[in-house]
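K.L.:
I have a structure here, written as structure tokens, and I will follow up with some questions on it.
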Amino acid sequence: MTSHHVTERPQLPLPGALDSIRPIGEYVLEAAADAGLEKTAALRLRLAVEEIATNAVVHGYQRVNLQGDLLVAAHYDEERLTIICEESGPAYDPRHTPMPEDLARPLTERPEGGLGVYLALMGVDEYDYQRVNDTNRHIFVQYLNG
């Protein structure tokens with residue numbers, strides 16, 4: 001049995017506002033650098049976390065006139081970096097977002113929505129969603145050696 005040393009970064013609490021997206025991206029990149037994640041994978045991870053956080057702010061808070069926060073945490077061991085983003089908007093599992101149709105067609109000819117979530121979830125090695133009490137928990141995993 002292998003023992004894994006887990007390193008945790010301090011959590012990043014932010015208001016559920018679009019101004020919080022940039023600091024979230026910076027936090028993810030700092031955690032990726034600390035963990036030794038390859039740059040391309042780090043950028044995909046940042047995109048995924050930013051996309052889900054943006055959707056939480058826009059659809060979970062702003063469009064339904066709710067106020068809430070975002071809480072981002074990171075931990076890593078020798079094998080993987082895990083980013084957890086929590087928010088208190090209405091329950092929403094991004095894995096149930098329909099895959100965009102006709103990806104070969106120009107953007108101007110496709111219906112709006114869904115592409116960012118699709119790209120986000122396809123860009124990480126693992127994604128999980130949990131609804132814990134009244135909180136949406138989005139879990140992103142990138143493998144460090146793969």
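K.L.:
For segment 39-53, give me each residue that is over 13 Å from residue 76 (Cβ atoms), touching a residue at least 24 places away in the same chain (Cβ under 8 Å) and out of contact with any strand residue (DSSP E or B) (no Cβ under 6 Å at 6 or more places or on another chain). Full working, then the answer.
P.N.:
Quick first cut of segment 39-53, residues over 13 Å from residue 76 (Cβ atoms) only: 39-40, 43-44, 46-53.
From what is left, the residues that are touching a residue at least 24 places away in the same chain (Cβ under 8 Å) are 44, 47-53.
Of everything in segment 39-53, those that are over 13 Å from residue 76 (Cβ atoms), touching a residue at least 24 places away in the same chain (Cβ under 8 Å) and out of contact with any strand residue (DSSP E or B) (no Cβ under 6 Å at 6 or more places or on another chain) turn out to be 44, 47, 50, 51.
K.L.:
What residue, of 73, 31, 56, 17, is surrounded by 13 or more Cβ atoms within 10 Å (Cβ to Cβ), more than 11 Å from residue 87 (Cβ to Cβ) and in contact (Cβ under 8 Å) with a residue 60 or more places away in the chain?
P.N.:
Values: 31 fails: in contact (Cβ under 8 Å) with a residue 60 or more places away in the chain; 56 fails: more than 11 Å from residue 87 (Cβ to Cβ); 17 fails: in contact (Cβ under 8 Å) with a residue 60 or more places away in the chain.
Result of the check over 73, 31, 56, 17: 73.
K.L.:
Only residues that are among the small types (Gly, Ala, Ser) and either crowded, with 16+ Cβ neighbours inside 10 Å or within 20 Å of residue 129 (Cβ to Cβ) (or both): list them for segment 34-53, please. Write out each step before concluding.
P.N.:
We begin by selecting, within segment 34-53, every residue among the small types (Gly, Ala, Ser); these are 35-36, 41-42, 48, 53.
Across segment 34-53, the qualifying residues are 35, 41, 42, 48, 53.
K.L.:
Here is a further query. What's the number of the only condition in (1) over 17 Å from residue 138 (Cα atoms); (2) over 15 Å from the mean Cα position of the chain (by Cα); (3) surrounded by 14 or more Cβ atoms within 10 Å (Cβ to Cβ); (4) at pLDDT 95 or above that residue 62 fails to meet?
P.N.:
The failed condition is (4).
K.L.:
Quick one: in segment 119-135, which of the residues that are out of contact with any helix residue (DSSP H, G or I) (no Cβ under 7 Å at 6 or more places or on another chain) and closer than 16 Å to residue 89 by Cβ is surrounded by the most Cβ atoms within 10 Å (Cβ to Cβ)?
P.N.:
Per the stated criteria, the residue is 135.
The values are calculated or read from the model by the stated rules, or taken from the named source; none is laboratory data. Being a predicted model, the structure only gives us computed values, none of them experimental. Every residue, glycine among them, receives a Cβ derived from its backbone with ideal geometry; neighbour counts consider all protein chains shown.
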